[in-house]
Amino acid sequence: MASNNVMIVRHKLLEKLVALWKENQLVEKIDRVPLEFSPRRSQPVGRCCIHKERAVTKYKSLPLLGWDMSDETDELTPLSEYARQALDRRNKLKENILCVIDEACSSCVQVNYEVSNLCRGCVARSCYMNCPKGAVHFDKKTGQAHIDHDTCISCGICHKSCPYHAIVYIPVPCEEACPVKAISKDENNIEHIDESKCIYCGKCLNACPFGAIFEISQVFDVLEAIRRGEQVVAIPAPSVLGQFDATIDQVYGALKEVGFADVIEVAEGAMQTTSNEAHELLEKLEEGQKFMTTSCCPSYIELVNKHIPAMKPYVSGTGSPMYYASRIAKKKYPEAKVVFIGPCIAKRKEAQRDECVDYVMTFEELHSVFRGLGIELAQANPYKVAYESVCEAHGFAQAGGVAGAVKSYLGPKADGIKMLQFSDFNKKSIGQMRAWAKTGKVDAQFIEMMACEGGCVTGPSAYNDSVSGKRQLNQDLLKRTLKYENYKEE
């Protein structure tokens, strides 16, 4: 469920565009959408006027159509032209995963430090004496300090020096949330994402209070492929169990209503990940390697490749569940387009490297597609997948699930192997990983790595809120009786 107004607006906008697509009116009517969202004499919330709101709605529509701000070369080009190009697009997807909406990114502080009214105008003037740029000045009447923001470099020395704690630190939410310093202001004071550093954890996307950060969507590429009569197969992630207020068979039935030719669970691929990773772990330990980490979290792989290359020797070479599930789908339907559906932004990057995955959709997007197409989950005809995966494979959706699956698969062979679950990547935990990579020492032989707190079910593009999602997932897992203890490999 959407947990703040930013997400609600994102959902409603995509839902509206999908509804227009369904009516074959996307190109004809999209130019009126900003006016409908901000009608004349409406009261804008958080912005100066309805004209600003309308501009923001226009530019937020671009990534939902698969474009970003850089695609606008002429400000007079209407949304309808971008919609027409999106519907005519054939596999020419953008390489960048995220984008910042310039018009929406304009309300955060330019400098991170401000003097509050707690300032006593003291004689010591530590803030002034220690400022390396001479940015602190004083009111001649009150003696209170103030900071010249044109000179300030946000070093924070004044903040540390003030004995009254009168100088406060004002964070920029997206910068504060990013664990790898991949987002910062450009020369126009607009946030810019450095994709050479970004690990696509999605923390910035949900941290921005103005909804200025968007994923580049592929929704209309998927819908157009279905409309053209192409065979399109959905491979939903295990965390789908915790997303929607319906049985999983009804969710899969709704996917069939959208027009997907078949549904193949990524949990089926997770079983191959489990068996391969389990055997690899035993081999590595037998060869004398001190520890091995999992490899199924694409944010972790991006983190290792871009920031902790010394960890590479310890990363499992086993493919992710998406990797194996997409090959199962391609083997069964060689001509089909394969669409991974999950809660993860980083999967978009993994899919770019995987020739068997054509498109990626998120659970947030899927909900908007259901709503836009008028599909009611509670009334969907249930669809049961052909292959039943073990409970542990579906457990990949939550923290501890991968390690738990490997342990269950190995059975008695796992005795004596210490397993560690590591989730919620932040500056502190990444520092811990750097230490492990440098020393090669850690108090465990198998480490499960997940970028999201609680695992994939709490991913940045999940639809359900984290608490409800985890509860719903666990309720479903409790009902599943097929487990490794009573499963025989074919």
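The values are calculated or read from the model by the stated rules, or taken from the named source; none is laboratory data. Bear in mind that the values here come from a model prediction, so they are computed numbers and not experimental data. For neighbour counting, all protein chains shown are included, and Cβ atoms are generated from backbone atoms with ideal geometry for every residue, glycine included. Side chains included, ligands, DNA and RNA excluded: accessible areas come from the protein's heavy atoms. Shrake-Rupley method; radii C 1.70, N 1.55, O 1.52, S 1.80 Å.
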List pairs: first in the stretch 29-47 and closer than 17 Å to residue 18 by Cα, second open to solvent by 80 Å² or more (accessible area, probe 1.4 Å) and not polar (S, T, N, Q), Cβ under 9 Å, 6+ apart or cross-chain?
29/23; 37/12
Could you tell me which numbered condition residue 245 fails, if it satisfies all but one of (1) modelled with pLDDT under 95; (2) assigned to a helix (DSSP H, G or I)?
(2)
Looking only at the stretch 282-317, which residues are of a type in the set (S, T, N, Q), out of contact with any helix residue (DSSP H, G or I) (no Cβ under 6 Å at 6 or more places or on another chain) and in a helix (DSSP H, G or I)?
305
Which of the residues that make up the stretch 77-101 are closer than 21 Å to residue 9 by Cβ and open to solvent by 70 Å² or more (accessible area, probe 1.4 Å)?
none
Condition first: of a type in the set (Asp, Glu) and in contact with a helix residue (DSSP H, G or I) (Cβ under 9 Å, 6 or more places away or on another chain). Can you find one or more residues in the stretch 410-422 that meet it?
no
Assuming residue 236 fulfils every condition listed in (1) under 23 Å from residue 460 (Cα atoms); (2) open to solvent by 20 Å² or more (accessible area, probe 1.4 Å); (3) touching a residue at least 60 places away in the same chain (Cβ under 8 Å) apart from one, which condition is it?
(2)
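So that you can scan it fast, the table gives a plain yes or no per residue for (1) open to solvent by 10 Å² or more (accessible area, probe 1.4 Å); (2) in the same structural domain as residue 467 (by the TED database); (3) among the aliphatic types (A, V, I, L, M):
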{"site": "240", "(1), (2), (3)": "no, yes, yes"}
{"site": "272", "(1), (2), (3)": "yes, yes, no"}
{"site": "294", "(1), (2), (3)": "no, yes, no"}
{"site": "311", "(1), (2), (3)": "no, yes, yes"}
Which count do you get for residues in the stretch 412-431 that are of a type in the set (S, T, N, Q) and modelled with pLDDT of 95 or more?
0
Out of (1) assigned to a loop (DSSP other than H, G, I, E, B); (2) among the aliphatic types (A, V, I, L, M); (3) assigned by the TED database to the domain that holds residue 421, what's the single condition that is false for residue 199?
(3)
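Residues are listed down the side, and each one gets a yes or a no for (1) at pLDDT below 90; (2) polar (S, T, N, Q):
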{"site": "126", "(1), (2)": "no, yes"}
{"site": "129", "(1), (2)": "no, no"}
{"site": "138", "(1), (2)": "no, no"}
{"site": "141", "(1), (2)": "yes, no"}
{"site": "147", "(1), (2)": "no, no"}
{"site": "159", "(1), (2)": "no, no"}
{"site": "171", "(1), (2)": "yes, no"}
Which of the helices (runs of 4 or more DSSP H) found entirely inside the stretch 386-490 contain at least 1 residues meeting this: assigned by the TED database to the domain that holds residue 315 and touching a strand residue (DSSP E or B) at 6+ places or on another chain (Cβ under 6 Å)?
401-410
Those residues of the stretch 167-184 which are closer than 17 Å to residue 149 by Cβ and open to solvent by less than 50 Å² (accessible area, probe 1.4 Å) amount to 167, 172
Go over the candidates 266, 258, 304 one by one and state the one that is outside the structural domain of residue 70 (by the TED database) and either free of Cβ contacts under 8 Å to residues at least 60 places away in the same chain or closer than 30 Å to residue 107 by Cβ (or both).
304
So which residues in the stretch 422-439 are of a type outside the set (A, V, I, L, M) and buried (at least 19 other Cβ atoms within 10 Å of the Cβ)?
422, 423, 425, 436
Quick check: is even one residue across the stretch 239-254 closer than 22 Å to residue 382 by Cα and either of a type in the set (Phe, Trp, Tyr) or without any contact (Cβ under 8 Å) to a residue 12 or more places away in the chain (or both)?
yes
Pick from 346, 414, 336, 380: which is in contact with a Pro (Cβ under 6 Å, 6 or more places away or on another chain), of a type in the set (Gly, Ala, Ser) and open to solvent by less than 10 Å² (accessible area, probe 1.4 Å)?
346
In the stretch 22-76, the residues that are among the aliphatic types (A, V, I, L, M), at pLDDT 95 or above and open to solvent by less than 20 Å² (accessible area, probe 1.4 Å)
26, 30, 33, 62, 64, 65
